[in-house]
Amino acid sequence: MTALLECDHHLVRAGQVILTDKGFAGRDFETFLTERLEVHLVRPDRKDESTRHGRLARVRQWIEAVFDTLKGQLSLEQHGARTPAGVFARTGQRLITLAAGIWHNRTTNAEIKRSLIAYDH
């Protein structure tokens, strides 16, 4: 991971939070991220170290739910675009559609706020 970020350091911005799993533990890696790239590393605490961030299961579960929504309800794996610009446009369209659906469901007091099933034709 260090080699990737060394080469493509433009992938991160100063102040950005990077959430990882326990496998990214290591003093050299953390020093590289915090001092060289100026980002914040957040990962679950290992058993052999003092408590810093605690368990991150809820955050990781939330991230997986977002990915599942993007891949499932919004069909992002079958986007059909042929260029990166097309992928960005189709992804943006689907996210705006999801936001509009959630807004509509909240406005109409729908029982399930994140569901788009009522709009699926």
Seminar exercise, completed: Scanning segment 98-120 for residues that are within 13 Å of Leu74 (Cα to Cα), without any contact (Cβ under 8 Å) to a residue 40 or more places away in the chain and open to solvent by 80 Å² or more (accessible area, probe 1.4 Å) gives Ile117, Tyr119, Asp120
For this session: Please identify the pairs in which a residue from segment 28-47 that is within 14 Å of His9 (Cα to Cα) has its Cβ atom under 6 Å from the Cβ atom of a residue that is at pLDDT 90 or above and surrounded by 13 or more Cβ atoms within 10 Å (Cβ to Cβ), counting only partners at least 6 apart or on another chain.
Result: Leu33/Val39
Problem set entry | Residue selected from segment 1-18 under the condition open to solvent by 80 Å² or more (accessible area, probe 1.4 Å) and within 17 Å of the chain's Cα centre (by Cα), by the criterion nearest to Val59 (Cα to Cα) | Val17
Exercise. Can you name every residue in segment 58-97 that is over 29 Å from Arg43 (Cβ atoms), assigned to a helix (DSSP H, G or I) and either touching a Leu at 6+ places or on another chain (Cβ under 6 Å) or open to solvent by 100 Å² or more (accessible area, probe 1.4 Å) (or both)?
Worked result: Gln78, Phe88, Gln93, Arg94, Ile96
Problem set entry | Subset of segment 19-45 (residues that are surrounded by fewer than 11 Cβ atoms within 10 Å (Cβ to Cβ) and charged (D, E, K, R)) | Asp21, Arg27, Asp28, Glu35
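The values are calculated or read from the model by the stated rules, or taken from the named source; none is laboratory data. Note that the structure is a prediction, hence the values are computed from the model and not measured. Every residue, glycine among them, receives a Cβ derived from its backbone with ideal geometry; neighbour counts consider all protein chains shown. The accessibility values were calculated without ligands, DNA or RNA, using every heavy atom of the protein model including side chains. Shrake-Rupley method; radii C 1.70, N 1.55, O 1.52, S 1.80 Å.
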